[in-house]
Amino acid sequence: MTRALLWLSLALVAFRVLSAAFVVIQPGFTDAYYYVDVARRLAHGQGLTADFVWNFIEAPQLAPLPVPSHRFWMPLTTVVQAAGRRSQNASHWPFSLRYRARMWHSACAPSSPQRMPAPFSR
């Protein structure tokens with residue numbers, strides 16, 4: 001009985017992980033959209049700001065965009081997401097160096113049989 005329950009639990013965990021990996025392509029709740037958008041701006045160096053007015057409490061006297069974010073939400077979720085986005089960008093540099101080296105080689109040796117490499121896409 002315990003062994004069957006263990007296998008059932010592992011199968012359900014695997015199903016949940018696979019369903020999250022292939023089905024969830026965007027945040028499912030409106031608050032999550034807010035966190036994701038502000039995390040994107042934070043990761044790109046634009047600070048804890050929002051380029052939209054989520055609630056009129058955020059933009060008193062119709063302040064111009066972008067407005068400071070997280071007036072009534074805690075920013076920890078956004079900071080964690082932004083750190084993940086920054087680490088993904090930082091781990092991309094070896095691939096961009098390889099691409100630039102191939103481009104340089106193709107430019108310096110036009111008689112090379114290699115074709116111009118296609119850019120990496122995410």
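Just so you know, all these numbers are worked out from the coordinates, no wet-lab data involved. Every value quoted in this text rests on a predicted model; they were computed, and no experiment measured them. Every residue, glycine as well, gets a Cβ built from its backbone with ideal geometry; the counts of neighbours run over all protein chains shown.
The table for this structure:
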read-out	value
Gain upon complete extension [residue 40, residue 73; 0.36 nm per residue less C-alpha separation]	10.2 nm
Per-residue HN-Hα couplings for the range 58-73 [Karplus 6.51, -1.76, 1.60; θ = phi - 60°; Hz; x = Gly/Pro]	6, 10, x, 6, 6, 4, x, 7, x, 9, x, 9, 6, 6, 9, 10
Under-5 Å amide H pairs with residue 50, H placed in peptide plane, nonlocal only	67, 69
Per-peptide average of other Cβ atoms within 10 Å, ordering 49-55, 70-76, 39-45, 59-65 highest first	39-45, 49-55, 70-76, 59-65
Integer Hz, Karplus 6.51/-1.76/1.60 couplings in order for the range 2-18, x for Gly and Pro	5, 5, 5, 5, 5, 5, 5, 5, 5, 5, 5, 5, 4, 4, 5, 5, 5
Förster radius 30 Å - calculated FRET efficiency between residue 86 and residue 13 (Cβ-Cβ, nearest 0.05)	0.55
